[in-house]
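See below for the structure under consideration.
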Amino acid sequence: MSGPNERRRAAGHASVPVLRTFESPRFRLLVAMLLTLLGFALNIARLTVYDPSDPGLAFDFAAYYHAAERMLVC
């Protein structure tokens with residue numbers, strides 16, 4: 001779909017150096033992979049700090065887990 005509107009929009013972005021790099025599919029894939037890895041790393045860090053022996057957190061987890069099970073049944 002390379003209509004005149006898309007070409008005009010791409011020409012406008014081509015003048016901005018930072019936005020010009022996002023025209024490359026390889027660069028967009030690299031950015032997506034880095035953001036995914038960052039998400040995994042942050043979740044792992046959060047889970048290592050999480051203390052399951054804390055009754056407040058443990059109770060909330062069980063409540064949400066059972067609510068998710070009930071939602072799956074519906």
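The values are calculated or read from the model by the stated rules, or taken from the named source; none is laboratory data. Keep in mind the model is a prediction, meaning the values are calculated, not measured. Glycine gets a Cβ as well: all are built from the backbone with ideal geometry, and neighbour counts include every protein chain shown.
Pick out the one residue from 70, 7, 26 that is over 25 Å from the mean Cα position of the chain (by Cα) and at pLDDT 90 or above. Spell out how you get there, then give the answer.
Working: 7 fails: at pLDDT 90 or above; 26 fails: over 25 Å from the mean Cα position of the chain (by Cα).
Every option except 70 fails the conditions.
Select from the stretch 53-65 the residues that are at pLDDT 65 or above and either in a helix (DSSP H, G or I) or touching a helix residue (DSSP H, G or I) at 6+ places or on another chain (Cβ under 9 Å) (or both) and list them in ascending order.
59, 60, 61, 62, 63, 64, 65
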